[in-house]
């Protein structure tokens with residue numbers, strides 16, 4: 001098993017990796033992402049797994065063990081795409097561990113009594129198109145093709161330009177994916193994006209739920225002018241309104257114990273010696289409850305509008321991707337945690353498991369310890385020993401749920 005995991009990890013590691021930063025650029029439906037997908041399909045072929053696809057780029061590889069008694073399928077897996085200049089473990093660890101876990105089960109002589117599959121969902125990060133977990137949303141039908149097909153990336157490329165779309169009637173924009181039709185349970189392994197397990201001194205944890213979170217576009221507009229000849233008191237500068245909104249969001253999140261981050265900004269005309277005409281910025285907001293999230297965003301918007309009034313600028317706020325609070329299956333997670341004494345931990349990061357759970361598929365998550373807690377960064381890490389513990393933990397969990405322990 002050690003050789004299996006480490007060899008797969010080494011094979012996948014160079015794909016989409018920047019030689020300058022060491023981070024990953026595996027944006028969906030790009031050459032690097034396609035190469036990662038090809039790697040996965042090669043590993044599936046090596047294991048004689050039966051591959052199914054939908055028109056949205058999602059893939060499930062089924063282990064036909066010959067001993068299955070039928071019933072709802074058990075799915076594991078994660079995603080292979082990354083944020084811009086992201087870490088190696090966020091997503092791929094769950095995919096590589098799933099393949100290695102199948103190898104462990106075969107070595108143990110386990111014969112699943114229900115279909116067992118490994119899924120890879122496309123565009124989980126939302127790093128290209130403005131909707132996180134796009135692949136799993138389309139696979140579950142929680143987002144329709146009609147809603148998704150017109151979404152565009154930074155270069156103006158539409159989702160419909162890179163995805164085939166619904167299978168079946170090409171004229172039915174409401175049609176979705178049948179890829180998950182037989183799935184009864186989903187278990188996703190993921191590197192922890194925080195330090196909870198470090199503080200507990202535990203290598204493995206089980207998620208309890210996912211904080212509600214969203215992405216909100218702030219469009220600030222003002223009056224473009226010369227940077228040298230325009231007196232400070234005569235300016236209508238949207239950059240100033242934006243800057244003050246960033247500070248206000250940071251303060252409000254700290255006071256309320258929530259999260260608020262402006263991590264992306266676009267300026268027009270983006271000249272050094274010009275007061276800008278427009279500043280567009282994206283707020284990532286997360287909170288411990290839906291009520292708290294709504295209150296946080298509303299307060300940041302109020303403060304932005306108030307500042308715009310003083311600066312002589314305008315601001316419009318548009319929600320782009322909002323995910324409700326997710327409580328993962330309590331009975332399922334509790335059974336998995338109790339089997340090995342693993343701690344139960346919450347997360348403020350979004351995952352495909354949250355989408356499947358919201359769609360009515362009982363879901364659980366295993367976390368692997370992250371020694372620094374850093375994620376969405378080239379510094380994201382996990383020790384080999386903890387990764388191997390994660391493979392064993394996932395194999396144990398899949399064995400538990402394919403041996404009469406199904407929900």
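Screening the candidates 48, 64, 85 for the property of being surrounded by 15 or more Cβ atoms within 10 Å (Cβ to Cβ) and either within 26 Å of residue 180 (Cα to Cα) or assigned by TED's automatic domain parsing to the domain that holds residue 132 (or both) yields one hit, 85.
So is residue 244 crowded, with 16+ Cβ neighbours inside 10 Å, under 19 Å from residue 301 (Cα atoms) and out of contact with any strand residue (DSSP E or B) (no Cβ under 9 Å at 6 or more places or on another chain) or not? Break it down into steps so the answer makes sense when it comes.
Numbers: crowded, with 16+ Cβ neighbours inside 10 Å: yes; under 19 Å from residue 301 (Cα atoms): yes; out of contact with any strand residue (DSSP E or B) (no Cβ under 9 Å at 6 or more places or on another chain): yes.
Judged against the criteria, residue 244 is a match.
The set of residues in the stretch 209-238 being over 24 Å from residue 316 (Cα atoms), at pLDDT 95 or above and part of a strand (DSSP E or B) consists of 226 alone. Output the residue which, of all residues in the stretch 7-42 that are over 28 Å from residue 131 (Cβ atoms) and free of Cβ contacts under 8 Å to residues at least 60 places away in the same chain, is surrounded by the fewest Cβ atoms within 10 Å (Cβ to Cβ). Selected residue: 19.
Restricting attention to the stretch 334-346, does a residue exist that is within 20 Å of residue 185 (Cβ to Cβ), in contact with a helix residue (DSSP H, G or I) (Cβ under 9 Å, 6 or more places away or on another chain) and part of a loop (DSSP other than H, G, I, E, B)? Yes, the stretch 334-346 contains at least one residue that is within 20 Å of residue 185 (Cβ to Cβ), in contact with a helix residue (DSSP H, G or I) (Cβ under 9 Å, 6 or more places away or on another chain) and part of a loop (DSSP other than H, G, I, E, B). Before we move on, is residue 152 within 30 Å of residue 336 (Cβ to Cβ) and in the same structural domain as residue 348 (by TED's automatic domain parsing)? So residue 152 fails the test.
The residue list 187, 265, 279 contains one member that is outside the structural domain of residue 371 (by TED's automatic domain parsing), in a strand (DSSP E or B) and within 22 Å of the chain's Cα centre (by Cα), which is 265.
Would you confirm whether any residue within the stretch 61-80 is farther than 28 Å from residue 403 by Cβ and either in contact (Cβ under 8 Å) with a residue 40 or more places away in the chain or out of contact with any strand residue (DSSP E or B) (no Cβ under 9 Å at 6 or more places or on another chain) (or both)?
Yes; the residues of the stretch 61-80 include at least one that is farther than 28 Å from residue 403 by Cβ and either in contact (Cβ under 8 Å) with a residue 40 or more places away in the chain or out of contact with any strand residue (DSSP E or B) (no Cβ under 9 Å at 6 or more places or on another chain) (or both).
Any residue at all in the stretch 315-330 that's surrounded by 17 or more Cβ atoms within 10 Å (Cβ to Cβ) and in a helix (DSSP H, G or I)? No.
When you scan the stretch 306-319, do you find a residue that is under 30 Å from residue 199 (Cα atoms) and either touching a residue at least 24 places away in the same chain (Cβ under 8 Å) or outside the structural domain of residue 130 (by TED's automatic domain parsing) (or both), even just one? Scanning the stretch 306-319 turns up no residue that is under 30 Å from residue 199 (Cα atoms) and either touching a residue at least 24 places away in the same chain (Cβ under 8 Å) or outside the structural domain of residue 130 (by TED's automatic domain parsing) (or both). It is to be established whether one or more residues within the stretch 22-43 are closer than 20 Å to residue 402 by Cβ, in contact with a strand residue (DSSP E or B) (Cβ under 9 Å, 6 or more places away or on another chain) and not in a strand (DSSP E or B). No, the stretch 22-43 contains no residue that is closer than 20 Å to residue 402 by Cβ, in contact with a strand residue (DSSP E or B) (Cβ under 9 Å, 6 or more places away or on another chain) and not in a strand (DSSP E or B). Across the stretch 10-20, a minimum of one residue is classified as part of a helix (DSSP H, G or I) and either farther than 23 Å from residue 179 by Cβ or under 17 Å from the mean Cα position of the chain (by Cα) (or both). Being farther than 28 Å from residue 134 by Cβ and surrounded by 21 or more Cβ atoms within 10 Å (Cβ to Cβ): is that true of residue 201 here? When the stated conditions are applied, residue 201 does not pass them.
The values are calculated or read from the model by the stated rules, or taken from the named source; none is laboratory data. These numbers were taken from a predicted model, which means no experiment stands behind them. Counting neighbours? That spans all protein chains shown, and the Cβs are built from the backbone with ideal geometry, glycine included.
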